[in-house]
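Here the structure is laid out as structure tokens; the discussion comes afterwards.
Since every read-out is calculated from the coordinates, none of them should be taken as a lab result. Computed from a predicted model, the values in this text were never measured in an experiment. Counting neighbours? That spans all protein chains shown, and the Cβs are built from the backbone with ideal geometry, glycine included.
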Amino acid sequence: MAKATKTEQSATSSSALDAKDLAILKLLQQNARITVKEISDKVHLSTTPVHERIKRMEDSGVIKQYATLVDAAKVKKGLMVICYVSLRQHSKTSGDKFIKAINELNEVIECYTISGEFDFILKVVAENMDAYYDFHVNKLSQVENMGKVQSVFVMGVIKQTHQLVY
């Protein structure tokens, strides 16, 4: 029941967003360091209502966090790998253990449960092929209940965005 309540709250929060809220979100997605004054000038509101709208969206979970996007190559994480993972056993306990283990692996920067032949998709970054090999053999393959892993190496990024409001 708690899950349904949370879903209803999320639906209410997102449907309660008006055009000004969406304009504010768009600006924050483009530059999270933009000032309230700059936002207020662009959306034609005074600073107090802009600040209150941002605070409301933060409190309701519409704005989850502010982040700095880093150039992976400049911090020696130039190799990106997409890993498709299947578990050997499918139970709540084994799934929870897998998720806990994946959350402890810094190389895994995204993890999704998926449908189809595989159970999870991981986005992994490493300095180079040797570092990925070490990660695969000594960390990922050692996770309890690990079944099949298929690694796909990203050769280039065509589009990468985090913008949900446009």
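Quick one: the Cα spread of the chain along its three principal axes, in angstroms, biggest first?
The Cα atoms of the chain stretch 56, 45, 24 Å along the principal axes, largest first.
Please name which of SER86, VAL137, LEU164 has its Cα lying farthest along the dipole of the chain towards the positive end, using unit charges on Cβ (Lys, Arg +1; Asp, Glu -1) and the Cα centre as origin.
Selected residue: LEU164.
Using a simple spin-label model with points 7 Å from Cα along the Cα→Cβ vector, what separation in nm is obtained for ASP71 and SER94?
Label at ASP71, label at SER94, 4.5 nm between them.
Fully extended, how many nm does the chain gain between THR161 and LYS55 (0.36 nm per residue separation, minus their Cα-Cα distance)? All intermediate terms of the calculation are to be shown ahead of the outcome.
On the way: separation 106, 0.36 × 106 = 38.16 nm, distance 2.40 nm.
Extending this stretch completely gives an extra 35.8 nm.
Helix 19-30 sits at what angle to the longest principal axis of the chain, using alpha carbons and giving 0 to 90 degrees rounded to 10?
50
Name the lysines eligible as straight-distance cross-link partners of LYS123: C-alpha to C-alpha under 19 Å, and not fewer than 8 places from it in the same chain.
LYS74, LYS76, LYS77, LYS97, LYS100, LYS139, LYS148, LYS159
For the pair MET129 and LYS64, what calculated FRET efficiency results from E = 1/(1 + (r/R0)^6), where r is the Cβ-Cβ distance and R0 = 25 Å, to the nearest 0.05?
Once the sixth-power term is evaluated, E becomes 0.15.
Using bins 5 angstrom wide from zero, how does P(r) for region 76-149 break down, in % of all Cα pairs?
Spelled out bin by bin, region 76-149 gives 3, 16, 29, 28, 15, 7, 2, 0 percent.
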